[in-house]
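Heads up: the structure comes next, in structure tokens.
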Amino acid sequence: MDAEKLPKSLRRFADKIADIEDYRSGDEGFWVHLASGWRTPDGETHSIHENTITECVREMKHVVRCTVRGCCEKGDWK
């Protein structure tokens, strides 16, 4: 994702982010969909869902490389 399109605090993670969705109007916070090859540390998802950007940044610090063969094919995160 183009770093310029991200909130400033997430720009340093641009290489790890495929897309970000803002659902604050529906009281669902933010969804950060990770780029192919990245996952959350628990290995259960390729997205981060938090109420605020600050919380998303905190979680992005823990993102790790995805090593599961075939699970990170382009488009699997949606």
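Observations on the structure shown:
- Residue in segment 44-57 that is modelled with pLDDT under 90 and surrounded by 13 or more Cβ atoms within 10 Å (Cβ to Cβ) present: no
- Test for K16: is it surrounded by 17 or more Cβ atoms within 10 Å (Cβ to Cβ) and either modelled with pLDDT of 90 or more or not β-branched (V, I, T) (or both): yes
- Among the residues of segment 24-43, the ones that are modelled with pLDDT of 90 or more and of a type outside the set (A, V, I, L, M, F, W, C) come to 4 in all.
The values are calculated or read from the model by the stated rules, or taken from the named source; none is laboratory data. These numbers were taken from a predicted model, which means no experiment stands behind them. Note: ideal-geometry Cβ built from the backbone for every residue, glycine included; neighbour counts use all protein chains shown.
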